[in-house]
1. Summarise the accessible area of the stretch 29-114 (1.4 Å probe, protein heavy atoms) by the percent that is carbon and sulfur.
2. For the chain, modelled as a Gaussian network with Cα springs under 10 Å, which listed residue fluctuates most, T182, T244, T148?
3. Determine, for each peptide in 66-78, 8-20, 164-176, the mean count of other beta carbons within 10 angstrom over its residues, then list the peptides with the highest first.
4. If packing is taken as the mean number of other Cβ atoms within 10 Å per residue, what is the order of 204-210, 130-136, 257-263, highest first?
5. Starting from the amide H of T148, placed 1.01 Å from N in the peptide plane, find each other amide H under 5 Å away whose residue is 5 or more places distant or on another chain.
6. Just going by the charge dipole of the chain, with Lys and Arg at +1 and Asp and Glu at -1 on Cβ, which of C7, L216, A127 is farthest out on the positive end?
7. Using the heavy atoms of the protein chains and a 1.4 angstrom probe, tell me the accessible area per residue for the chain in square angstrom.
8. So what is Rg over Rh here for the chain, counting just Cα atoms and using Kirkwood for Rh?
Amino acid sequence: MKNIIVCMKQVLDPEAPLSLFKIDAAAKQAVLPKATPPVLSPFDENALEAALKIKDGQPANISVISLGKKLSRMVVKSTLAAGADQLIILEDEAFDEFNTCLTARALAAAIKKLGQYDLILCGLQAADTNAGQVAIGIASILGLPCITAARKIELVNDQLMIEKGIADGFELIKTAVPAVVTTSYEVGALREPGVEAFMSAGKKPLTVWNAQQLGLENVKTSRTDIIKMYQPSHTGQCVMIEGTAPEQKAVNMVKKLKEIKVI
């Protein structure tokens with residue numbers, strides 16, 4: 001049986017109306033009204049779907065790991081309903097979702113603690129920061145190969161066959177397990193679980209580890225600092241281009257564009 005680990009992040013709903021977003025300047029983070037619950041990062045849902053497709057064709061155990069300060073159990077447990085076999089929650093006030101170095105270290109520590117793994121899957125990037133750094137960090141810490149932007153993944157014996165989309169086609173990459181792979185949207189959307197799946201999700205194993213249990217209680221430093229977080233203000237101005245004829249209006253428009261240094 002193959003052991004697959006999928007790293008999934010809880011994020012603010014990227015489909016929520018922009019007008020609902022507010023910035024907490026002191027905490028340097030975006031917040032949404034309580035009426036708008038968080039969701040799983042859509043990129044990470046692609047990774048879980050890739051794992052489930054592998055499981056469709058062969059015996060496999062899928063472990064989902066999710067990290068944060070205050071994770072919604074309803075949100076993260078939906079991964080169990082979708083088909084994951086167990087859920088590991090990494091939850092601690094020391095964890096900072098914007099500190100990709102710490103996130104990679106914590107996830108790598110949890111993966112080591114789990115012990116057995118053939119494949120580690122991550123989304124292409126997080127839907128909130130769009131950084132795309134965590135998977136590469138995990139691979140570096142664990143000393144594993146990392147293939148990004150996979151659109152198709154096949155696990156045959158101890159070999160991975162990966163299709164990676166490029167501008168004019170795709171590359172076919174072969175590597176031995178274990179390895180870290182990030183998935184693109186081309187893998188497909190996460191399947192919708194039925195009512196019975198949600199009911200059985202509560203019977204699956206759920207484990208919670210904090211920073212101390214991972215040996216990270218003193219690791220709080222980040223290699224980057226968020227200096228300021230704010231919502232940009234956008235202003236518009238309408239300028240009417242005058243002229244007695246279309247040709248004169250065109251000339252006047254070019255003059256105006258040069259004046260404001262557009263051209």
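The values are calculated or read from the model by the stated rules, or taken from the named source; none is laboratory data. Note that this is a predicted model, so its numbers are computed, not measured. As a convention, Cβ positions derive from the backbone with ideal geometry for all residues, glycine included, and neighbour counts pool all protein chains shown. What goes into the accessible areas is simple: the full protein's heavy atoms, side chains included, and nothing from ligands, DNA or RNA. Shrake-Rupley method; radii C 1.70, N 1.55, O 1.52, S 1.80 Å.
1. On the way: 1700 of 3250 Å².
Looking at the stretch 29-114 in its full context, I get 52 percent from C and S.
2. Greatest mean-square fluctuation among the candidates belongs to T244.
3. Working: 66-78: 17.8, 8-20: 15.5, 164-176: 11.5.
In decreasing order of mean packing, 66-78, 8-20, 164-176 become 66-78, 8-20, 164-176.
4. Details: 204-210: 14.7, 130-136: 17.7, 257-263: 8.9.
Highest-to-lowest ranking by the protection proxy: 130-136, 204-210, 257-263.
5. So T148 has HN proximity to T182.
6. L216
7. Working: 15050 Å² over 263 residues.
Ligands and nucleic acids excluded, the figure is 57 Å² per residue.
8. On the way: Rg = 22.9 Å, Rh = 20.6 Å.
Rg divided by Rh gives 1.11.
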